[in-house]
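So the structure is just underneath, and the comments pick up after that.
No lab work stands behind these numbers, since they all come straight from the coordinates. This structure is a prediction, so every number in the text was calculated from the model and none was measured. Ideal geometry is used to build each Cβ from the backbone, glycine not excepted, and the neighbour counts take in all protein chains shown.
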Amino acid sequence: MTDLTIGQLAERAGVAPSALRFYESEGLIESLRTAGNQRRYPRATLRRVAFIRSAQRVGLSLEEIHDALRRLPAGRTPSKADWASLSRSWRPRLDEQIERLQRLRDTLDSCIGCGCLSLRSCALHNPGDVLAERGPGAVNLEPQPR
């Protein structure tokens, strides 16, 4: 089984070579170097790139992705059990993300039609920035402490 060039990996994974160089600079994937200093990737890197892209699509940060990939075995292709364990560990994080998106969807239903002309009843309105102490972003849409 031969290793893949950066162009071959990019084509097979559906990403730009620059994305692969970025993933490598962030420690998400690794390459070997030829005598001519060209990158070569083990075929198992295809799974890692697919995992990275999927994780990014659902809103996970590069730090979360990096932490997860660090838990995979070094020196061998991760098994189905390795991937299953990793996905189980993310279930609570993904459930929280789904809950946050549903809350956003349900809150925005009333805003979409109004064009935010009714700031008195807008759930996102924050006069005087009184919510700043709760952190950045749309804190009204974040889960409230229980």
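With 10 angstrom as the radius, rank 49, 15, 58 by how many other C-beta atoms surround their C-beta, starting from the fewest.
Values: 49 21, 15 17, 58 12.
Exposure proxy ranking, most exposed first: 58, 15, 49.
How much length would be gained if the chain were fully extended between residue 3 and residue 76, taking 0.36 nm per residue of separation minus their Cα-Cα distance, in nm to one decimal? Each step should come with its number before you reach the end.
Details: separation 73, 0.36 × 73 = 26.28 nm, distance 1.43 nm.
That works out to 24.9 nm of additional length.
Write down the Kirkwood hydrodynamic radius of region 1-78, to one decimal in angstroms, obtained as one divided by the mean of 1/r over all alpha carbon pairs. Intermediate results must be reported in sequence, preceding the final value.
Values: mean 1/r = 0.0781 Å⁻¹.
About 12.8 Å for region 1-78.
Where does each of 53, 33 land when they are ranked from fewest to most other beta-carbon atoms within 10 angstrom?
Going from least to most buried by this count: 33, 53.
What is the distance in Å between the Cα centroid of region 12-35 and that of region 51-98?
18 Å
Could you sort 64-72, 89-97 so that the peptide with the highest average Cβ count within 10 Å comes first and the rest follow in order?
Going by the mean number of other Cβ atoms within 10 Å, highest first, we get 64-72, 89-97.
Ranking 45, 77, 5 by Cβ neighbours within 10 Å, fewest first, what do you get? The partial results should precede the final answer.
Numbers: 45 23, 77 13, 5 16.
Sorted ascending by nearby Cβ count, the order is 77, 5, 45.
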